[in-house]
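Read the structure below first, then the notes.
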Amino acid sequence: MDYFKKILRFAKPYRGYGYWNIFFNILYSIFNVLSIIIFIPTLGILFGTQEKVIVAPEYTGLGNLQEYAEGSLNYFLTQQVANDGPLAALAFICIASIIIFFLKNLFRYAAMYVLAHLRTGMVKDIQDSLYQKTLSLPLAYFTEQKKGDLLARMTSDVKEIEGSIINSLEALAREPITILIVLFSMLAISPQLTLFVFIFLPITGFLISVVGRKLKAKSLEAQKETGIFLSFIEETLGGLKIVKGFNAEEKLSRKFTQSTSKFRRLMTAVLQRKGLASPFSEFLGVAVVITVLWYGGSLVLGKESSLTPQEFMGYIGLFYTIINPIKSITTVNYSIIKGNASAERVFEILETENPIIEKTDAIIKTDFENDVSLENISFKYEDEYVLKNFDLKVPHGHSVALVGQSGSGKSTIANLVTRFYDVTEGEIKIDGVNIKELTKKSLRNLMGLVTQDSILFNDTVKNNIGLGKENATDEEIIEAAKIANAHEFITELPDGYETNIGDSGNKLSGGQKQRLSIARAVLKNPPIMILDEATSALDTESERLVQDALEKMMRNRTSIVIAHRLSTIQSANMIVVLHKGEIVEQGSHDELLAKKGSYHKLVEMQSLG
């Protein structure tokens with residue numbers, strides 16, 4: 001029940017609705033019992049066994065409340081029968097019954113009405129918390145997780161929590177109240193018969209609970225398998241061109257079918273166990289009712305019993321009324337066990353500790369004046385070091401280019417400077433202040449990022465460029481697009497800056513997407529720019545336009561440029577050549593060519609290429 005309690009924390013902002021729900025459920029339960037009790041005198045009138053009360057009873061306090069209520073009703077009915085005949089008394093009871101049933105259903109609806117606010121509010125807050133937590137987690141977390149599994153947790157698992165746990169709140173609020181009020185009424189009619197019932201109910205409850213012990217384990221396996229095949233779908237859609245190009249449709253289809261077949265087996269077991277709950281509990285309920293009929297009938301037929309036939313029939317009606325709430329509570333138990341499996345998966349994300357910790361007294365830095373320095377830093381993703389004892393200083397206004405073979409640690413430096421990862425050893429400082437002392441928001445406000453993969457969103461051109469600056473004006477967006485050599489092609493789009501560019505910007509060419517990414521960075525206007533192989537995936541014409549845009553953007557700006565194509569970084573103030581995480585050469589383009597070392601070899605290889 002730990003996860004159930006954790007889910008209940010999301011109900012706190014809506015507890016007012018919960019109190020109203022309990023209030024309306026109390027009224028519903030009272031009128032639910034009255035709808036049964038009102039028929040006891042009706043049976044007495046029909047069978048001619050109704051107790052006649054000639055003198056009106058007196059109220060002496062709560063101790064005789066039951067006797068006073070019964071006596072007053074019997075006195076009224078006696079008067080009605082005496083004055084107008086039994087049909088008048090029967091008509092009164094019928095009208096009273098209609099009013100009672102109306103009020104009973106009115107309060108039931110009112111309880112569900114206010115609970116809807118609590119239910120939808122909880123679901124919204126769970127989804128919001130999951131999304132905000134996902135945004136706050138470091139990049140390292142997502143390299144270890146499957147995207148489809150994360151999507152499954154945020155969609156199907158939350159849906160399961162809503163269907164299994166949050167829906168159970170209504171039953172938990174209503175059914176115990178109904179059971180208590182019905183039991184009180186049953187005790188008032190016949191304490192002896194009620195004590196007999198108490199012997200059987202716990203036994204019934206225990207037998208029902210035995211059925212659902214393995215339900216949670218199967219549900220958890222099923223939800224994990226959902227994540228696996230959602231990941232598979234996401235990967236297939238992302239790589240559809242390769243799948244078709246290599247004729248791999250059948251191979252992937254077989255793998256997907258294996259996953260869905262396993263999911264089918266797991267869900268079949270879950271649904272079979274869940275399906276057993278209702279018929280099994282109904283059978284046990286009927287067995288208890290028949291036992292009560294036998295014992296109660298023997299009391300009515302007994303000469304010394306005070307239990308009248310109409311009271312016994314009313315008692316059976318009340319007992320039937322209590323069976324459904326008890327069945328609902330046992331069903332709630334199954335639902336909570338099933339929902340707990342999904343809640344466990346949701347809280348795995350919500351309770352994940354973020355290793356990129358921000359200090360409580362972190363500094364908000366708004367300007368950049370001197371330099372960015374990487375002092376003796378080392379870093380490893382897992383066991384092997386990607387960077388070892390790395391030192392670099394980037395003075396204000398200078399551009400430093402990082403070159404080297406794939407896997408030499410170039411992109412890792414960009415990830416460390418932006419604090420997407422924390423260094424394993426050493427320090428990264430801005431103006432002499434360790435970036436761990438700064439707020440993550442203020443640190444990243446100082447930086448603009450243009451990556452090799454143009455990450456764009458399924459939105460308009462305007463909103464994609466304006467992502468990095470709140471309330472950017474149209475003039476600012478257009479000016480940024482002009483600097484990025486993007487304005488011309490944007491104006492040729494069907495709706496100009498209001499054109500939707502599709503999923504990941506797929507309606508645009510590679511060069512157009514990259515120029516939008518540059519425009520986004522230009523609009524942000526940060527003092528430090530990080531370019532991570534921004535031109536490596538472009539054709540010659542696109543590269544020329546993008547390179548021109550980058551040069552405009554880098555003027556009078558501190559830049560760290562990670563380059564695969566060496567032609568793009570010849571004008572850098574300093575070029576750093578990396579090999580397996582260590583600096584092997586550094587200097588200007590001409591100085592490094594003169595050394596005829598690693599950089600010279602890289603230039604020659606690209607020239608030959």
Which listed residue is more than 21 Å from MET447 (Cβ to Cβ), touching a residue at least 12 places away in the same chain (Cβ under 8 Å) and crowded, with 22+ Cβ neighbours inside 10 Å, from VAL561, VAL577, VAL584:
VAL577
Where a residue in segment 491-514 is closer than 19 Å to SER454 by Cα and its partner, wherever it lies, is of a type in the set (Asp, Glu) and not in a loop (DSSP other than H, G, I, E, B), with Cβ under 8 Å and at least six apart
TYR497/ASP474; GLY511/GLU541; GLY511/GLU543
Here the residues within segment 466-500 that are closer than 18 Å to LEU550 by Cβ and under 29 Å from the mean Cα position of the chain (by Cα) are GLY468
Please determine, by comparing only the residues of segment 113-126 that are free of Cβ contacts under 8 Å to residues at least 60 places away in the same chain and surrounded by 15 or more Cβ atoms within 10 Å (Cβ to Cβ), which one is farthest from PHE24 (Cα to Cα).
VAL123
Kindly provide the set of residues from segment 446-455 that are within 23 Å of ALA486 (Cβ to Cβ) and either surrounded by fewer than 22 Cβ atoms within 10 Å (Cβ to Cβ) or touching a strand residue (DSSP E or B) at 6+ places or on another chain (Cβ under 7 Å) (or both), ordered by number.
MET447, GLY448, LEU449, VAL450, THR451, GLN452, ASP453, ILE455
Going through segment 547-558 one residue at a time, which ones are outside any loop (DSSP other than H, G, I, E, B) and either among the hydrophobic types (A, V, I, L, M, F, W, C) or free of Cβ contacts under 8 Å to residues at least 60 places away in the same chain (or both)?
GLN547, ALA549, LEU550, GLU551, MET553, MET554
Selected residue (only one of GLY285, GLY317 is at pLDDT below 75 and part of a helix (DSSP H, G or I)):
GLY285
Residues (among the β-branched types (Val, Ile, Thr) and in contact with a strand residue (DSSP E or B) (Cβ under 6 Å, 6 or more places away or on another chain)) located in segment 419-445
VAL423, THR424, ILE428, ILE430, ILE435
Residue check: is GLY275 modelled with pLDDT of 75 or more, in a helix (DSSP H, G or I) and assigned by TED's automatic domain parsing to the domain that holds ALA188?
no
Condition first: of a type outside the set (Val, Ile, Thr), in contact with an Asp or Glu (Cβ under 7 Å, 6 or more places away or on another chain) and at pLDDT below 80. Can you find one or more residues in segment 553-576 that meet it?
yes
Is it true that THR291 is part of a helix (DSSP H, G or I), at pLDDT 75 or above and over 30 Å from the mean Cα position of the chain (by Cα)?
yes
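Suppose the filter is touching a helix residue (DSSP H, G or I) at 6+ places or on another chain (Cβ under 6 Å), surrounded by 17 or more Cβ atoms within 10 Å (Cβ to Cβ) and at pLDDT 70 or above; does LEU34 pass it?
yes
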Among the candidates THR155, THR143, single out the residue that is assigned to a helix (DSSP H, G or I) and farther than 24 Å from GLY121 by Cβ.
THR143
Of the numbered conditions (1) over 30 Å from GLU225 (Cβ atoms); (2) surrounded by 22 or more Cβ atoms within 10 Å (Cβ to Cβ), VAL346 fails exactly one; give the number of that condition.
(1)
For the list (1) part of a loop (DSSP other than H, G, I, E, B); (2) under 21 Å from ASN354 (Cβ atoms), I need the number of the one condition that LEU416 fails.
(1)
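The values are calculated or read from the model by the stated rules, or taken from the named source; none is laboratory data. Just so we're clear, the structure is a prediction, and the values are computed from it rather than from any experiment. Don't worry about glycine lacking a Cβ; one is built from the backbone with ideal geometry, like all the others, and counts go over all protein chains shown.
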